[in-house]
């Protein structure tokens, strides 16, 4: 792998353990509308589109109310995930200090992305942020748009860091190296490994040590 000049990060499960928060916010916003309980699996099965897409899938008759409720609960419950993963802020600061370009491509909607980055104090690290769409997954498209901004840097010098199998396939589609982040409790390392990412890390410390040798 060539020297890295830019890193694109995912958010949920990569920068912070936000997935349990997402699930709880969906549960509290949607269950009263449907008057029934939702399992984690039922909620997770709708992931791919942004939260707006999940609300459309779970409670299509209550879209506006569901989205407004979700965002309110997401912000109110954010103490469930008070800080990013240990070492993330230091990693981002080191990359910034060394002149590495930093961007984000997440499947989250814009509003919840803004809430979390503001809550964690990470907003200022990212030059560009591409968020999800209610219509479906758009990771590869988001990565391509970031690559347009980084047009002076070769694809081999840009990497994506994400925790989901779809992150690996989207990065491959866009033609850039991909690092599988398996440090969240919600990660599925076996599924990630099957897709043959350029590297897989179980700890942020190991990833940081490896990355700092590449920049």
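The values are calculated or read from the model by the stated rules, or taken from the named source; none is laboratory data. Treat the numbers as computed from the prediction; the structure is a model and nothing was measured. FYI the Cβ positions are ideal-geometry reconstructions off the backbone, even for glycines, and counts take in every protein chain you see.
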query: Mind checking which residues of segment 199-211 are under 20 Å from residue 172 (Cβ atoms) and either within 18 Å of the chain's Cα centre (by Cα) or modelled with pLDDT under 95 (or both)?
result: 199, 200, 201, 207
- prompt: Residues in segment 126-155 that are under 23 Å from residue 2 (Cα atoms) and over 15 Å from the mean Cα position of the chain (by Cα): how many?
  reply: 12
field: Among the residues listed as 205, 196, the single one being surrounded by fewer than 19 Cβ atoms within 10 Å (Cβ to Cβ), out of contact with any strand residue (DSSP E or B) (no Cβ under 9 Å at 6 or more places or on another chain) and in contact (Cβ under 8 Å) with a residue 40 or more places away in the chain
entry: 205
task: Considering only segment 22-112, give the helices (runs of 4 or more DSSP H) lying wholly within it that have at least 3 residues that are modelled with pLDDT of 95 or more and within 27 Å of residue 128 (Cα to Cα).
output: 51-58, 63-76, 88-97
query: For segment 144-171, how many residues are surrounded by fewer than 17 Cβ atoms within 10 Å (Cβ to Cβ) and touching a strand residue (DSSP E or B) at 6+ places or on another chain (Cβ under 8 Å)?
result: 3
- prompt: Can you tell me which residue in segment 90-125 is surrounded by the fewest Cβ atoms within 10 Å (Cβ to Cβ), limited to those that are farther than 26 Å from residue 68 by Cα and in contact with a strand residue (DSSP E or B) (Cβ under 7 Å, 6 or more places away or on another chain)?
  reply: 96
